[in-house]
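First the structure, in the form of structure tokens, and then the observations on it.
The values are calculated or read from the model by the stated rules, or taken from the named source; none is laboratory data. Computed from a predicted structure; not experimentally measured. Neighbour counts run over all protein chains shown; Cβ positions are idealised from the backbone, glycine included. Only protein heavy atoms, including side chains, enter the accessible area calculation; ligands, DNA and RNA are left aside. Shrake-Rupley method; radii C 1.70, N 1.55, O 1.52, S 1.80 Å.
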Amino acid sequence: MLAVCLFSACDSENSDDLFWDITPVEFYIIITDSEGHDLLDSTFQNNLIKDITVSYQGKTYPVVTEYEYYERLYGKAQTRLYMPNFYGLVLRKYCEVHKNYELVFGEFDGMENIDKREITLNLPDDHQAVLSYKNSFEWKSNGEPNKNTVFYLDGQELKDNAGKCGTYNFLYSDNEGLKYIPSKPILLM
């Protein structure tokens, strides 16, 4: 997925200068049970929010709310160009189009060439899933960006539409752990 913002300078001498904002890479995680309950919804009695962590590069990240994330971000220098900002594991309900809450882990630089970046999603009863991606990025001869990101679950490439975007839809049970549910991503217009 590649999102682009285009800015041009006001100075007529530099009117051909373009700045590209390259979409960062993130993992999106949705977890429900067999009855369709959102296990990331704090109002659901049997939610898993306090029992979920992510392990990445020897560090464990607990779930933080979007509010807690923005409190940490407040006061950091901002630029006109979008720069990736690593925030750990954030619980959010991005907009009303999504019926479920989601966990988001990242952000990672979308311009970085990565052979394999891996995180481990930890759930109750020692249930785990290894989420990973590889990313290739280059500038084409015409000056446009070329980015390709491939996501994996436990070493297997995700080929469904949601998986190609880094969205992991899981069905969870205490006995069986996590089961990946292939699906289509929600597209906002």
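For the stretch 107-122, how many residues meet the condition of being open to solvent by 90 Å² or more (accessible area, probe 1.4 Å) and either acidic (Asp, Glu) or in contact (Cβ under 8 Å) with a residue 60 or more places away in the chain (or both)?
Selection size over the stretch 107-122: 1.
Considering only residues that are at pLDDT 75 or above, part of a loop (DSSP other than H, G, I, E, B), among the hydrophobic types (A, V, I, L, M, F, W, C) and within 30 Å of residue 113 (Cβ to Cβ), which ones fall in the stretch 5-42?
Correct list: 22 only.
Restricting attention to the stretch 39-54, report how many residues are among the charged types (D, E, K, R) and in contact with a strand residue (DSSP E or B) (Cβ under 9 Å, 6 or more places away or on another chain).
Residues flagged as among the charged types (D, E, K, R) and in contact with a strand residue (DSSP E or B) (Cβ under 9 Å, 6 or more places away or on another chain) within the stretch 39-54 amount to 2.
How many residues does the stretch 144-158 contain that are open to solvent by 40 Å² or more (accessible area, probe 1.4 Å) and assigned to a strand (DSSP E or B)?
Selection size over the stretch 144-158: 5.
Could you pull out the residue among 169, 100, 161 that is touching a helix residue (DSSP H, G or I) at 6+ places or on another chain (Cβ under 9 Å), surrounded by 12 or more Cβ atoms within 10 Å (Cβ to Cβ) and under 30 Å from residue 34 (Cβ atoms)?
169
Quick check: is even one residue across the stretch 128-143 open to solvent by 90 Å² or more (accessible area, probe 1.4 Å), over 30 Å from residue 19 (Cα atoms) and in a strand (DSSP E or B)?
Yes; the residues of the stretch 128-143 include at least one that is open to solvent by 90 Å² or more (accessible area, probe 1.4 Å), over 30 Å from residue 19 (Cα atoms) and in a strand (DSSP E or B).
For residue 125, state whether it is on the phi > 0 side of the Ramachandran plot and open to solvent by 60 Å² or more (accessible area, probe 1.4 Å).
Here the answer is yes, as residue 125 does meet what is asked.
Within the stretch 56-67, identify whether any single residue is free of Cβ contacts under 8 Å to residues at least 40 places away in the same chain, hydrophobic (A, V, I, L, M, F, W, C) and part of a strand (DSSP E or B), and answer yes or no.
Checking the stretch 56-67: at least one residue is free of Cβ contacts under 8 Å to residues at least 40 places away in the same chain, hydrophobic (A, V, I, L, M, F, W, C) and part of a strand (DSSP E or B).
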